[in-house]
Amino acid sequence: MIIIIVGGGVVGLNCALDLAGKRSKDDIFILESEKFLGAHTSTRNSEVIHAGFAYPPESLKTELCIEGAKLSYELLGHLNVPCKRCGKWIVAFTPEEEAGLGLMLENASACAVHGVIPKNPSDVADTMPWLKPVRAAVFSETSGVMDTSEYIAALDRALSHMSNCNVLTNCRVQAINDGRIETSRGPMSFDLLINTAGLFADDVYRMAGGKRNFEIRPFKGEYYIWRKGPFEGLIYPVPDRFVSKGDGTLVSSMGIHLHRSINGDRYIGPSQVECSKDRKTDYRIETPPEIFAKTAGRYLKVVPAASELEPAQAGNRPKLFEDGKPIGDFVIFKEGSFIHLLGIESPGLTAAPAIAKKVAAML
């Protein structure tokens, strides 16, 4: 069997690694349109390993995030990728946020997420003296950070040792017809095509003859670096849906937070700005630093001046819509000789190894 995987991001690479090990008689090809693997969503994010407590209990995001977190730590260790199980703080400053934190804890219990522990405000003050006094806080013990660029490179190295796996970059899909794919590097035949194209998964779905009205809209997340920032670890707000009691299926961004990367850089971000669909690869930082400084001021006793914040990076979340309505969950299904993965936004990085196992089980 010839298996083509369209998209060389973290999900596509994990699918290839899983399949290459299980199906040694199959030929597997990864087609990546860019010069480098993981050039889009995979390396333009917070690099966080999520625990899975913020998503609806019956969602694929919850299921695959919880399984994926465990598998990610195992895989990162096996591949010698820098990572740290530093934990994550979720902090509440207002009565509304405190109530939302209680709902978040109930959701974590319903999702069977372990290690989500309420903390006394005094414990928070002792641990993070640079933080403003909080009304309530929760600590997620299993959350962590990784080096996504090293992760992509390590997956590429691992695949290079698989005799039945071939990685092709600068290879853009142009058309798909009757078991044949036209690319910028020439035609190829296939028995099964796996669509892990991320921001462009809707385009590939349509090329494959899909009839559902899917659309990927980019939601930009921008980050600034504060080199003098005093904070350590991961400090998050209470997810808005638990505060506003909105639709849980629309969860995506966890809000602008503070985090120290595995390399020691201190980030404030990300924003969430909806872009037009023709701006999927527009990575300009457009939100002014004053917005990020103001948000950091909610958390910190010492507030950064806007002039102290340096533009860091931006990434676009591949948010999925069907018939114009947002779909807040992963959508993974088999249709003929195609397996499509759409809406693989956060926590896709964490969930990637579990997504790969799910895809393998569909063959």
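What angle, in degrees between 0 and 90 and rounded to the nearest 10, separates the Cα long axis of helix 348-361 from the longest principal axis of the Cα atoms of the chain?
The two axes meet at around 40 degrees.
So what's the angle, to the nearest 10 degrees on a 0 to 90 scale, between helix 289-299 and the longest Cα principal axis of the chain?
60 degrees
Below 14 angstrom from the Cβ of residue 168, what's the summed charge of the other residues (Lys, Arg +1; Asp, Glu -1)? Please list the in-between numbers first.
Numbers: positive: 35, 172, 185; negative: 27, 32, 34, 156, 182.
Within the 14 Å Cβ shell, the charges total -2.
Could you work out how far apart the two model spin labels at residue 112 and residue 334 are, taking each label as a point 7 Å from the Cα in the direction of the beta carbon, and quote it in nm?
If labels sit at residue 112 and residue 334, their model points lie 2.4 nm apart.
Run the quick spin-label model on residue 178 and residue 161: label points 7 Å from Cα toward the beta carbon, then report their separation in nm to one decimal.
Distance between the two pseudo-spin positions: 4.3 nm.
Which pairs in the list 61/319; 84/280; 22/319 are over 20 Å apart, alpha-carbon to alpha-carbon?
84/280; 22/319
Quick one: helix 10-22 against the long Cα principal axis of the chain, what's the angle to the nearest 10°, folded into 0 to 90?
Taking Cα atoms only, the helix is inclined about 50 degrees.
Pop the C-beta distance of residue 206 and residue 170 into the FRET formula with R0 = 30 Å and round what comes out to the nearest 0.05.
For R0 = 30 Å, the calculated efficiency reads 0.85.
Quick check: convex hull over the Cα atoms of the range 164-270, volume per residue in Å³, rounded to an integer?
181 Å³
How long is the gain from residue 265 to residue 153 if the chain were fully straight, where each residue apart is worth 0.36 nm and the alpha carbon distance is subtracted?
38.3 nm
Determine the dipole magnitude for the range 38-83: charges of +1 sit on the beta-carbon of Lys and Arg, -1 on that of Asp and Glu, nothing else is charged, the reference point is the Cα centre, and the result goes in debye to the nearest 20.
That gives a dipole near 140 debye.
Shape verdict for the range 1-127, please, from the Cα gyration tensor: rounded (a/c under 1.5), prolate (a/b greater than b/c) or oblate.
prolate
In whole percent, what relative contact order does the range 193-342 give with Cα contacts below 8 Å and a gap of six or more residues? Show your work: numbers first, answer last.
Details: 283 pairs, mean separation 54.6, N = 150.
Result for the range 193-342 is 36 percent.
Read-outs: derived from the displayed coordinates by stated rules, not from any lab. Model, not experiment: these values are computed from the prediction. All Cβ positions, even for glycine, are placed from backbone atoms using ideal geometry, and neighbour counts span all protein chains on display.
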